[in-house]
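The values are calculated or read from the model by the stated rules, or taken from the named source; none is laboratory data. Bear in mind the structure is a predicted one, so any value in this text is a computation, not a measurement. Note that we place each Cβ from the backbone using ideal geometry, even for glycine, and neighbour counts take in every protein chain shown. Note: areas computed on protein heavy atoms with side chains; ligands, DNA, RNA excluded. Shrake-Rupley method; radii C 1.70, N 1.55, O 1.52, S 1.80 Å.
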Amino acid sequence: KNEPSNLYKKALPLKQVQAASRPGKEQGRSIGGHKFKVGQSLLFSPSIFEAATRKGLFRVVSLLPADGGDNQYRLKSETDGHERVVREGQLTLV
């Protein structure tokens, strides 16, 4: 019989539940690693939600941890020197 006072004994601690709910993640990076390397020139294509952002050639300055399962990069514009952080899915090798 499940008495209300005995239910807490069967419950898992919150830390165990959270740790088990994130399979395939290691220290904020996706398992596959970064596709591009520091120093490579890439074509950045903004998403439709970034209407004010322009497409262009950028050089990889540094590799950043994944966010939402997609690796990130810090890029520097080859035309005006502007830096930005972008997701791997927005980049194409030139």
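General remarks:
- Rolling a 1.4 Å probe over the protein heavy atoms gives segment 37-82 an accessible area of 63 Å² per residue.
- For Glu78, residues with placed amide H under 5 Å, excluding near neighbours: Leu57, Phe58, Arg59
- Residue-count net charge about Val60 - beta-carbon cut-off 14 Å; Lys, Arg +1, Asp, Glu -1: +4
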